[in-house]
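Scroll down for the structure; my scribbles are underneath it.
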């Protein structure tokens, strides 16, 4: 009787196992968030516009006798429009790189916060330049 019960239990276990494998699919892999969402496109567009405004106001201030305060950008922006473009491109690339690195490491909230801080910082720089030019 023990052997018969053991065989029946093993058969039932095998049937249950084959039933579960054949009828259920494996779940899809978790979806990964896309980097170029509408929010990021808008944020980088705003950031690019602010960097362009900063470049224009910086060059105008330099032509009126002011000097660059940022010691990292000073060697670039004193070379004229080409140096300013190179410095602006480096700054924009660094901003995109930081946001992408945060995205790839799944720090989505930190990515949004960093984007907001970059935009706010550039707004401050542009506002400071405009006030100094008046």
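Summary table below
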read-out: Cα point-scatterer Debye curve for region 38-133, base-10 log of I(q)/I(0) at q = 0.13, 0.16, 0.17 Å⁻¹; value: -0.46, -0.67, -0.74
read-out: Theoretical gain in end-to-end length, residue 117 to residue 90 [0.36 nm per residue, Cα-Cα removed]; value: 8.0 nm
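We did not get these values from a lab; they are worked out from the coordinates using the rules stated. Everything numeric in this text was worked out from a predicted model, so none of it was measured.
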